[in-house]
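Colleague: What follows is a single structure, and I will ask about it in a moment.
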Amino acid sequence: MSGLASSAKGLALRLSCAGDRGFVLRLDCELPDRGITAVYGASGSGKSTLLDCIAGLRRPAGDSLIRFRDTTWQDGERFVPPWQRRIGYVFQDARLFPHLSAEQNLDYALARRNGLRNGGPGDGQAGAIDKRQLVALLELGPLLESKPQALSGGQKQRVAIARALLCAPRLLLLDEPLANLDHAASEQCLAHLQRLARELDLPMLYVSHAIEEVSQLADHLLLLERGAVQDQGAMLDLCSRLDTRLSQDEQAAAIVVATVARHDEAFGLSELELEGQTLLVRHLSQAPGQRRRLRIPARDVSICRQRPRDSSILNILPVTLREIGAGDEARVLLRLALGSQYLLARITRKSAVELQLQVGDRLYAQIKSAALLLESADHA
Amino acid sequence: MTTAELDAIRLTLALAAITTIALLILGTPLAWWLSRHRGSVPAMLESVIALPLILPPTVLGFYLLLLFAPGTWLGRLWLQLTGSQLAFSFSALVIGSVIYSLPFVVQPLQSAFARVPDDLLQAAATLGAAPRDQFLSVVLPLTRRSFITAASLGFAHTVGEFGVILMIGGNIPGETQVLSVALYDYVESLQFEQAHRLAGIMVVFSLALLFFLYRRDRRDGWRVQP
């Protein structure tokens, strides 16, 4: 590659490509080459088209540019075919080879990875993923002998993830990998993906229209709408802003990071530590000391000037009002600071006026228990 | 059985075997291309390939005879390359049979290829498989059975060939006299006993082959599909 570009970082995308459903994907952006970037948007917003373009399965207009770090996959002159890009791709429907067993599916990727390896700085770690380690990590041991037809949706998807990783990719693309799974299987896969993201230093692009998945996984968020970029930025930051498309959604929610403090078996609750405050949520599987994200929908947060007493609401946190969003004629969205993190609250305009809210006010945020107790049912 | 009859059987089997191999080599890429392209060019090609299915074999034989004549460009080229003439030779029979049986090989392969989802090929591509590798490692194993069907049909159809061979091959014992032509000869000269023998062999062979194919389809048709 050219010397000039040798220090390039990130995934540079400047492309236009006609999608299947009438829209044209047109974007010009640069995504980080670390961590998990979620591509979020309604169906038909161009998410899968984008992944196909990056993988080389679809050919965007001739003058498009796709560059990952110092490797150009497409520009005016060249188009690197998908089999030379070293991109792992996990499809929504797994796409395991039906004539091969699970293990042979893994070996298929393994057998082709040497031919692909064109070396380069930073490639060592991804290349070092070995089969045994992956089989253990994704708990594939008992499945190896089975043909794909005999596997459940979640099992297929785990094999597909392992297969994609075994080709030693420089970038992993995941296209709604959990969309066809039932709740339990998708929870389990999500946990596996989080673990992989932590243990392998491999950038991932994760397409989803399920906000819950995105909130759990993503470090970075790219919002697509009808083929165009609405917004992009760090996940936690983007979710707490009032000026994004996301905040206008009925499901607008802030994401906070809390540490599991202890479990209260008697009441079926877990206690989290959040910015020095205590938060009670439904019983969690994580061990005390572990950190996890919580998605707190704005519609489930209300505010009061005084700390309420004798309330049925368990979670009442002292916050500072940082910003009052424009909202609509009936409701406004508030941004509340809790230590270094933020909560969002959606309240009626009438309440905002009656409480004479001013930026800087010290308030109490009440979080409806349902929000946190049923948090993962939010999925659907 | 007479030497002439054994010669005819040997010749028939050799012709069918060589034709089948040539058909697989030629028909596979053709069927693959047809299965992955839409539009009028593939449709036109498909029609040409299917033509022997409905044309009287004598029509095909007539045109091939004209084409193979020593005076044509093909006849001259053949003479220069091999030193022998093309018309009424075993090679002419092979060429004629390949054209005549092409639809029997291309059609089952094409429909089998069309059922291989592009999705799987895309998955293979992202795993580092170039197109040839995709074909060998994904398409071929998934359509293996259709290759057996295609080869059997091509073989059987070549064995049963008559009109084209009579037109372009003539009736030279040991060179172009295949079973069907030898049978015709016997009947013409009222040697019914010998004719019965050859006809019987043909019926048994064809029935056995068809039984093999249908039984296999039936058995696998009843298998629980994934």
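Each value in this text was obtained by applying a stated rule to the coordinates, not by laboratory testing. Please read all numbers here as calculations on a predicted model, not as lab measurements. For neighbour counting, all protein chains shown are included, and Cβ atoms are generated from backbone atoms with ideal geometry for every residue, glycine included.
Colleague: Say R0 is 45 Å: what FRET efficiency, to the nearest 0.05, do B:Leu66 and B:Gln191 get from their beta-carbon distance?
Modeller: 0.85
Colleague: So for each of A:284-292, A:313-321 I average, over its residues, the number of other beta carbons within 10 Å; can you give me the resulting order with the highest mean first?
Modeller: Top of the packing list down: A:313-321, A:284-292.
Colleague: Any chance you could give the angle, 0 to 90 degrees and rounded to 10, that helix A:183-199 forms with the longest Cα principal axis of chain A?
Modeller: Its long axis makes an angle of about 70 degrees.
Colleague: How well do other chains shield peptide A:92-102, expressed as the mean number of their Cβ atoms within 10 Å of each residue Cβ?
Modeller: For this peptide, the per-residue mean of nearby foreign Cβ atoms is 4.
Colleague: Still on this structure, please answer the following. Go ahead and estimate [θ] at 222 nm for the protein assembly as shown from helices alone: -39,500 (n - 2.57) per DSSP H run with n ≥ 4, summed, over the residue count, rounded to 500.
Modeller: Taken over the protein assembly as shown, the calculation gives -13500 deg cm²/dmol.
Colleague: Next question. May I ask what percent, to the nearest 5, of DSSP beta bridges between residues of the protein assembly as shown are antiparallel?
Modeller: Antiparallel: roughly 80 percent of the beta bridges in the protein assembly as shown.
Colleague: Right, next: Between B:Ala4 and B:Asp217, what's the calculated FRET efficiency when r is the beta-carbon distance and R0 is 25 Å? Round to 0.05.
Modeller: The formula returns an efficiency of 0.10 here.
Colleague: Can you classify region A:253-379 as rounded, prolate or oblate using the Cα gyration tensor, where a ≥ b ≥ c are the square roots of its eigenvalues, rounded means a/c under 1.5, and otherwise it's prolate if a/b beats b/c and oblate if not?
Modeller: Prolate.
Colleague: Against the longest principal axis of chain A, how steep is helix A:102-116, in degrees 0 to 90 to the nearest 10, with axes from Cα atoms?
Modeller: That works out to roughly 70 degrees.
Colleague: Between 0 and 90 degrees, rounded to the nearest ten: what's the tilt of helix A:153-166 against the longest Cα principal axis of chain A?
Modeller: 60 degrees
Colleague: Further question on the same structure: Whole Å is fine, so just give me how far the alpha carbon centre of region A:38-112 lies from that of region A:162-210.
Modeller: Centre-to-centre (Cα) distance: 14 Å.
Colleague: Related question: In Å, what Kirkwood hydrodynamic radius results for the protein assembly as shown from the alpha-carbon pair distances?
Modeller: Its Kirkwood hydrodynamic radius stands at 29.5 Å.
Colleague: Which helices, counted as full DSSP H runs in chain B, have an axial Cα extent of no less than 18 Å and a Kyte-Doolittle average of 0.0 or above?
Modeller: Membrane-span-like by this criterion, though nothing is claimed about a membrane: B:3-36, B:40-54, B:90-114, B:144-159, B:192-222.
Colleague: Calculate how many DSSP beta bridges within region A:4-239 are antiparallel, expressed in % of all such bridges and rounded to the nearest 5.
Modeller: Of all bridge pairs located within region A:4-239, approximately 55 percent are antiparallel.
Colleague: From the Cα gyration tensor of chain B, with a ≥ b ≥ c the square roots of its eigenvalues, which class applies: rounded if a/c is under 1.5, or else prolate if a/b is larger than b/c, or else oblate?
Modeller: Note, shape of chain B comes out oblate.
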